[in-house]
């Protein structure tokens, strides 16, 4: 079971990080639809950008659910600029840390660490000092109701590379969820709860455990 969780978490991480939106034969999906926003939708997008930009630090519980049936949970921390931490609850021994430059996947059980650039991830912009949705992303879908706002984004520089949907509650505006779908149609939802902003978060939360740092340097 733990091995399954490890595999799923890493696969989900890679899908989330690289927007793996390509068919098995290696051919890209057909070009995305870019939404022409109404005045009201542009206004809400401005509100979202301002809300995300004003978040300096954040702590929340999360539940991660895959459409294949795997479920995991844990705690998420954010501290700008550039710092992220996903601490998965037992029995998982997975830890994901963004240290301002890299996003590192750590598996304590097998003592393995893997790195990728934080800027290449879809969540990288959330940790940016200045959040600029309209500059870096394009909107491919909007679903608004009286209580919920959902915007699906694609990278402007690589519109065919995939998408991420951000879900917010309204009045007051608050981020609640993000959704990623990979190339095989597997949907991954990360839902936040007990969300607090403006919290004190120690920088030590975003440090790579020393034993992995030393091992990397030796190799």
Inter-probe distance in nm under a simple model that places probes 7 Å from Cα toward Cβ, at residue 57 and residue 35: 3.4
For the stretch 27-132: Kirkwood Rh in Å [reciprocal of mean 1/r, alpha carbons]: 16.0
Calculated FRET efficiency for the pair residue 170/residue 93, C-beta based, R₀ 35 Å, to 0.05: 0.40
When the convex hull of its Cα atoms is projected in every direction, mean area for the stretch 28-84 (nm²): 6.9
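Can you sort 151, 51, 88 by how many other beta carbons sit within 10 Å, fewest first?
Details: 151 23, 51 16, 88 20.
In increasing order of surrounding Cβ atoms, one gets 51, 88, 151.
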Along principal axes, Cα extents of the stretch 58-196, largest first, whole Å: 44, 33, 29
Backbone N within the stretch 29-69 under 19 Å of label point (7 Å from residue 187 Cα along the Cβ vector): 33, 63-69
Longest to shortest principal axis, alpha-carbon extents of the stretch 57-116, angstrom: 33, 26, 19
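Values in this text are rule-based calculations from the coordinates and carry no lab data. Not measured: the values here are computed from a predicted model. Cβ atoms come from the backbone with ideal geometry, glycine included; neighbour counts cover every protein chain shown.
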